[in-house]
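What follows is a set of notes on a single structure, which appears directly below.
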Amino acid sequence: MARHVVATVDDIAPGQRKLVQVEGRDIGIFNVGGEFFAIANRCPHEGASLCKGRVVGLVESSEPGSYQFSRPGEMVRCPWHGWEFDLRTGKSFCDPRRTKVRAFDLKVEEGAALVEETLLRAETFPVSIERQYVVIEV
Ligand code: FES
């Protein structure tokens, strides 16, 4: 499994998201209060772009007229038909056992470590000098 640098932490403010392409896949990177999560940008219902969905909290109800709000900013609502997915797991709120969007492992790492690992280095090529030059100092 290859690792890819997709953004700096400053690229995605809390509550925002960024759509990236990695090995041909569209992936949404979401910043939830300083924690980052990655999910496929394709709703399993009919394929809408989840990155265009509204980020919301979890609303649950045990009886009519009563509701509890929790986990602000941890769910994304599909822009087409409103299915909601947990950004931490990719699981659907309504049917978490059978319906989910793919969630990807994501880490925030120090730039110095990525340079050591060559993930942030430019590609280099060997260079040679084949001719000689005469140089005079005056
Ligand atoms: S396409 Fe996402 S809920 Fe229908």
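Every read-out reported here was derived from the displayed coordinates using simple, explicitly stated rules and does not represent laboratory data. Keep in mind it's a predicted model, so treat the numbers as computed, not measured. Ideal geometry is used to build each Cβ from the backbone, glycine not excepted, and the neighbour counts take in all protein chains shown.
Cβ-to-Cβ counts within 10 Å put Arg42, Arg54, Arg71 in ascending order as Arg54, Arg71, Arg42, the fewest first.
Charging the Cβ of each Asp and Glu at -1 and of each Lys and Arg at +1, and nothing else, the dipole of the chain about its Cα centre rounds to 660 debye. Only Cα pairs under 8 Å and 6+ residues apart enter the sum, and on that basis the relative contact order of segment 75-138 stands at 15 percent.
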